[in-house]
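These notes concern the structure reproduced below.
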Amino acid sequence: MAYTETVDAHDHHDHPPAGIWRWLSTTNHKDIGTLYLVFSGIMFFVGGAMAMVIRLELFKPGMQFVDPAFFNSMTTVHGLAMIFGAVMPAWVGLANWMIPLQVGAPDMALPRMNNFSFWLLPFAFTLLLIGFFVPGGAPAGGWTLYPPLVLQGGDSFPMAIFAIHLMGASSIMGAINVIVTIMNMRAPGITLLRMPLFVWTWLITAYLLILVMPVLAGSVTMLLTDHFFGTSFFSASGGGDPVMFQHIFWFFGHPEVYILILPAFGIVSEVIPTFSRKPLFGYEAMVYATASIAFLSFIVWAHHMFTVGMPLAGELFFMLSTMLIAIPTGVKVFNWTATMWRGSLSFEPPMLFALAFLFLFTIGGFSGLMLAIAPADFQYQDTYFVVAHFHYVLVPGAIFSIMAGVYYWLPKWTGHLYSMALGKWHFWLSAIFVNVLFFPQHFLGLAGMPRRIPDYATQFADWNMVSSLGGFGFGLSQLLFPILIWKCVRGGEKAPAQVWEGAHGLEWEVPSPAPYHTWQDPPSEAQIAHGAEH
Amino acid sequence: MKMKKSGLLLSGLAAALLTMVAPTAQAAWALNMTQGISAISRNIYSLHMMVFWVCVVLAVLVFGVMIYSLVRFRKSQGAVPDTSLVHNTKAEIIWTAIPIAILVVMAVPATRTLIETDDATKTELTIRVTGYQWKWGYEYVGSGVTVLSTLDRDSNFARQLGSGIDPNSVPNYLLNVDHALVVPADTKVRLLISAQDVIHSWWVPALAIKKDAIPGFVNEAWFKIDAANTGLFRGQCAELCGRDHGFMPIVIDVRSKADFEAWLRTQKALQQPADAAAPAAAPATAAPASAANAAATVRAAPARS
Amino acid sequence: MSQSHSQADSGKYYIPHGTPWPIIGSVALFTTMFGMVAWLNEWFSPVMFFAGLALLAVMFIGWFRTVINESEAGTYNLAVDRSFRMGMVWFIISEVLFFSAFFGALFYARELSVPWIGGEGVKVFNHIFLWQNYDAGWPTNGPAKLGPRADGSFEVIPAFGVPALNTLILLTSGVTITIAHHALKAGNRNVLKIFLALTFLLGFLFVAFQANEYGEAYMHKGLQLSTGIYGSTFFMLTGFHGLHVTIGAIMLTIIWFRTLKGHFTPSRHFGFEAVAWYWHFVDVVWLGLFIFVYWV
Ligand code: HEA
Ligand code: HEA
Ligand code: CUA
Ligand SMILES: [Cu+2]
């Protein structure tokens, strides 16, 4: 057959074309993974720079640096850039790099579409960010885009909408690729229940993405037509309702927060067993817990809307369903703890970040549970208590586990070991400052400080100053991360195929750095067994 | 790492203890919410404290086990992994069942309080609250008295970008208004909350009321302040409503029933002349929109042609 | 799930090396969207928008041509074929969810917001203070009686006229494409060609009728996008559906030309099946529309 020739012809050049065209045209999952991760890093710094502006203005009471409208833009674009620019692309990047390696596939299932889903992102964010330079300034209605406020936006309004459309298209294509790769490209012998948990959690995340990103696209499309074409979805005078938007948005938005955290659960479920030198406790329970969380995430959305004046039955339903999520999440936390129990623990950077995740995500989960209590949420809603909650689950939650993943697999990618000392510095500074940054925000919220305000009453001054100092410290500490990565790419001690003593899985069966093409021939039974063991 | 986490936990505990002792913590370094000035607000406060303590206890237990493992099972101390420990049905049932029980224990009082807050029957006074960008309008339904409430002048000067005025020199910086909402104590008051342009949210922590003001819809809330709790209580708009969202505070002036009646009579007399021509309509200054008015203007963002 | 022996069957999984189309597609989409922004914001004329669309068309043609050529050259094994199928299924599911956002808006408006504005149930104060003269009901253009007519009136398109006819057309096209599919599998190329042609002709007929109805609504019925929530939900749902029918019919046409060129075999015809699935999806959405938008 003709095609075997084609394939073979390509097999031999194990080296990609040189120059920029390699990156523009690549269909290689490792290249695309790298692109995603680099993009995510850039957006983390862009979003982080905006957070620094926020913390600077809030350093002390009084308006010092920016106009209130610009402050609102900072908050809005910070939220969008971090969620859609930093965390989601980081997950897709890790999926690209690791899923084919972990399931023994030669590449992602749909390589051209894979390239497309990446390259949409830089264009999407260009569209979003040039909003700063058009009349009316960047979007300033909050990342939640509530009408009617968002409809008052200036010329950047349609840019944000289309940017979200592009991000959505990118995510949907990325998710389709992940599902098809996992379902169709697993090497013989890798049954569903032999897949690593990172693969499992990503599979479930991909289902979530496919089910909710189109809904987000629909909801922002309605915003667009309400603004430009005279529809009245969100206006009572025409029979619509601003709250309708919130329902549709949060139907996307709540599963979205699990999209941000489920792959994190996957990473932690890889790292903790490795550095405990013990298999994951309760593997199947972990899979079912992940699936239950995903299922529940579709029926809790209105816990973001306890104050909009829902009928009592609605409030009750959403309060109780939300509380249920604590159960499968608890199962996860307990299983991780049990994995460490009677293990043999060592504390390299991936493990340190995973451990910080374990403690700090749980704190964020507890504050989430407090928020779920509807009458109490009347006091918490739209205060810094909420800001504290979601940063605990997002920064030491999602971001730390992304870092754990990078520290875990970096030697596999670059073929070099990195500086453990620098990694530990990065960890300790991050772990300390992140608490200085976000813990006081609980107090601020409880004492009555609303979120999304550029200036505040003087009784909030002290904790804000602490929080800002923590923020600057945290931000500066992050500079160590790219430095460490850069050094590791450039050189360092040669990494063996199996980098970590206790690691399991097929990715450790290929050499470090992983060759440009891997698993062109599926792994053998022996390799699979070896990968599962050692 | 363990040291730091437990240190944090301790300071959290200490924080909570402190506030229990001094619940009027509206001062600097405040750590917790206040009990408020109504039965409902106290209910909500104790609900909050209950959930908080449940979380603290759980945290102590869970983090305790984690920290124990971190210390006890270190490789550097020669720990040998027990690789056969991958599953334990009994433990797994326990750690699913106990959280369920805890959740039920929390759900019961939460449900009760929720039902209570929802019961707006038998109110004695009704006030319409309308949010505008960026001020609050109030109308005492029946008497026609209206109040328009904006950020006070001193705060407003001080909050301008680079004003050079030290916020600490302004009393109640950003939490003061020109005309407070006067309400009676010991009276069940109903609020009918709406907005004219975008969504706002009417929040007074001391009442534990936060209700969104949504253009085109009327939301209901109620409070009954203890007879003893007269005085000024402050809150803020709690939903991003544009550029000056941070600058539309709420102040309620709680007076005894008799004082309130007297105040309302004077206001009625003062505002009457303005109303003489059209008794039902609100005066132009305050203008919580009449229906016709609202229909015309409620579309906050006129569609571009 | 057990048939995941991807590399096991005939030869290797085909991984293309390097492709220009996605980056061209990204540039095209950016151009289109920036052009649309410029148009909506009245910065400049829509020329950039149309340029973007043109480039998008180039991208689609180029990308699909590459894939078709590879497919005809026998580059794809069964595992690749299966990836394509799975991908298509999940794409269609995402489309279903896109429509569900608008169906959700329709149900929310009919069941909740309109009755609430009319003061139903707990929302009695809406009626007392904001919208005294509004009698909630469906169809409605809201208490402000929005829409093109000065008196705020409008008429709806009755279900049992052209919409019923269109239902018949789409259902028939569902049958014709199934016949075409069976013919393809039976190797009966002539029946295939005829029934495939019938299918896309029916598709375009549907679009023509729909366009005519839109004209009626806009010109004579006072029913436009701006006719309150009824007009909004009506045109967004039927409009996006119409767009999908148009795309589907174009894809059917392309598939038809491919059959004329002798593409597809009785056992391997992913392109045909993908379009057929898409067509059935469009069909099912229409049934939902017919029932919930036009009828009840
Ligand atoms: C990664 C993201 C992430 C995650 C994982 C979560 C997890 C949870 N969140 Fe959070 N949330 C956000 C991101 C996230 N959230 C964001 C971004 C917002 C704000 C959006 C905005 O408005 O801008 C938000 C807001 C938010 C609100 C709305 C607040 C408001 O605006 O008023 C609520 C209310 O219920 C809530 C609840 C929860 C709950 C119950 C969980 C649960 O999943 C937590 C479960 C975990 C635990 C409970 C801890 C571990 C469990 C045990 C140790 C077992 C034993 C425990 C018990 C029995 C109690 N979240
Ligand atoms: C994954 C998501 C994510 C992440 C990682 C972060 C990270 C951070 N967030 Fe973010 N945040 C959100 C998601 C996230 N946030 C969301 C969704 C909102 C709500 C938006 C809304 O209300 O609409 C929000 C809102 C929000 C607020 C509330 C704003 C308001 O209500 O007005 C604040 C305030 O402190 C804040 C602070 C920070 C800080 C200090 C960090 C830090 O962790 C950032 C650290 C990173 C860096 C600093 C970059 C790296 C370093 C440099 C660039 C070097 C230069 C450094 C210095 C000059 C010191 N965030
Ligand atoms: Cu009004 Cu915020
Ligand atoms: Cu949520």
Exercise. Within region C:215-246, how many residues are surrounded by 17 or more Cβ atoms within 10 Å (Cβ to Cβ) and away from chain A (no Cβ under 14 Å)?
Worked result: 5
For this session: Look at A:E501 and say whether it is more than 16 Å from ligand 1 (Cβ to nearest atom), within 14 Å of another protein chain (Cβ to nearest Cβ) and either in contact (Cβ under 8 Å) with a residue 24 or more places away in the chain or not in a loop (DSSP other than H, G, I, E, B) (or both).
Result: yes
Exercise. Hey, among A:F361, A:F400, A:F353, which residue is part of a helix (DSSP H, G or I), within 16 Å of the chain's Cα centre (by Cα), away from every other protein chain (no Cβ under 12 Å) and not β-branched (V, I, T)?
Worked result: A:F400
For this session: Would you mind finding the one in B:D118, B:D166, B:D186, B:D154 that is more than 14 Å from every other protein chain (Cβ to nearest Cβ) and open to solvent by 40 Å² or more (accessible area, probe 1.4 Å)?
Result: B:D186
Exercise. Within region C:53-65, can one find any residue that is farther than 26 Å from A:V134 by Cα and not in a helix (DSSP H, G or I)?
Worked result: no
Exercise. Which members of region B:54-76 meet the condition of being out of contact with any helix residue (DSSP H, G or I) (no Cβ under 8 Å at 6 or more places or on another chain) and under 24 Å from A:F361 (Cα atoms)?
Worked result: B:V57, B:L61, B:G64, B:Y68, B:R72, B:R74
Exercise. Would you say A:L224 is more than 9 Å from chain B (Cβ to nearest Cβ), closer than 18 Å to C:F99 by Cβ and surrounded by fewer than 24 Cβ atoms within 10 Å (Cβ to Cβ)?
Worked result: yes
For this session: Determine whether B:A79 is without any contact (Cβ under 8 Å) to a residue 24 or more places away in the chain, among the aliphatic types (A, V, I, L, M), out of contact with any helix residue (DSSP H, G or I) (no Cβ under 6 Å at 6 or more places or on another chain) and away from ligand 1 (no atom under 16 Å from the Cβ).
Result: yes
Exercise. Do you know which of the residues in region A:467-495 that are part of a helix (DSSP H, G or I) and away from ligand 2 (no atom under 12 Å from the Cβ) is nearest to the other protein chains (Cβ to nearest Cβ)?
Worked result: A:L484
Exercise. Out of B:K224, B:K268, which single residue is away from ligand 1 (no atom under 16 Å from the Cβ), in contact (Cβ under 8 Å) with a residue 12 or more places away in the chain, open to solvent by 20 Å² or more (accessible area, probe 1.4 Å) and under 21 Å from the mean Cα position of the chain (by Cα)?
Worked result: B:K224
For this session: Could you tell me whether region C:208-215 includes any residue that is over 23 Å from A:T231 (Cβ atoms), part of a helix (DSSP H, G or I) and assigned by TED's automatic domain parsing to the domain that holds C:P139?
Result: yes
Problem set entry | Top-ranked residue of region C:78-111 - restricted to ones that are over 30 Å from A:G239 (Cβ atoms) and more than 7 Å from every other protein chain (Cβ to nearest Cβ), ranked as nearest to the chain's Cα centre (by Cα) | C:I92
Exercise. Which condition does A:S73 not pass, out of (1) open to solvent by less than 10 Å² (accessible area, probe 1.4 Å); (2) away from ligand 2 (no atom under 11 Å from the Cβ); (3) small (G, A, S); (4) farther than 19 Å from A:P122 by Cβ, if it passes all the others?
Worked result: (2)
Problem set entry | Selection count where residues are in a loop (DSSP other than H, G, I, E, B) and open to solvent by less than 10 Å² (accessible area, probe 1.4 Å), scope region A:191-221 | 1
Problem set entry | Selection from region A:129-177 of residues that are surrounded by fewer than 24 Cβ atoms within 10 Å (Cβ to Cβ) and in contact with a Pro (Cβ under 8 Å, 6 or more places away or on another chain) | A:Y146, A:G154, A:D155
For this session: Only one of these is at pLDDT 90 or above, surrounded by fewer than 16 Cβ atoms within 10 Å (Cβ to Cβ) and assigned to a helix (DSSP H, G or I): C:F98, C:F50. Name it.
Result: C:F50
Seminar exercise, completed: Taking region B:205-218 and the residues there that are assigned to a strand (DSSP E or B) and away from ligand 1 (no atom under 16 Å from the Cβ), the one that is farthest from the other protein chains (Cβ to nearest Cβ) would be B:A213
Exercise. Of B:G144, B:G131, which residue is touching a residue at least 40 places away in the same chain (Cβ under 8 Å) and touching a His at 6+ places or on another chain (Cβ under 9 Å)?
Worked result: B:G131
Problem set entry | Residue check, A:T75 part of a helix (DSSP H, G or I) and polar (S, T, N, Q) | yes
For this session: Tell me which residues, restricted to region A:400-447, are small (G, A, S), more than 26 Å from A:N96 (Cα to Cα) and open to solvent by less than 10 Å² (accessible area, probe 1.4 Å).
Result: A:S430, A:A431, A:G445
Problem set entry | Which numbered condition B:A228 misses (of (1) of a type outside the set (F, W, Y); (2) within 16 Å of ligand 2 (Cβ to nearest atom); (3) not in a strand (DSSP E or B)) | (2)
For this session: Would you be able to say whether some residue in region A:48-59 is open to solvent by 30 Å² or more (accessible area, probe 1.4 Å) and on the phi > 0 side of the Ramachandran plot?
Result: no
For this session: Can you work out which of the residues in region A:267-312 that are in contact with a strand residue (DSSP E or B) (Cβ under 8 Å, 6 or more places away or on another chain) and within 16 Å of ligand 4 (Cβ to nearest atom) is farthest from B:I93 (Cα to Cα)?
Result: A:V308
Exercise. Does region A:424-437 include one or more residues that are closer than 25 Å to A:A140 by Cα and either within 16 Å of ligand 3 (Cβ to nearest atom) or not hydroxyl-bearing (S, T, Y) (or both)?
Worked result: yes
Problem set entry | In region A:322-347, the residues that are more than 7 Å from every other protein chain (Cβ to nearest Cβ), of a type in the set (S, T, N, Q) and open to solvent by 10 Å² or more (accessible area, probe 1.4 Å) | A:T322, A:T329
Problem set entry | Top-ranked residue in region A:429-459 [being of a type in the set (A, V, I, L, M, F, W, C) and at the interface with chain B (Cβ under 8 Å from one of its Cβ atoms); ranked as farthest from A:I402 (Cα to Cα)] | A:A457
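The values are calculated or read from the model by the stated rules, or taken from the named source; none is laboratory data. Computed from a predicted model, the values in this text were never measured in an experiment. Ideal geometry is used to build each Cβ from the backbone, glycine not excepted, and the neighbour counts take in all protein chains shown. Each accessible area value is taken on the protein alone, full model and side chains, heavy atoms only, with ligands, DNA and RNA left out. Shrake-Rupley method; radii C 1.70, N 1.55, O 1.52, S 1.80 Å.
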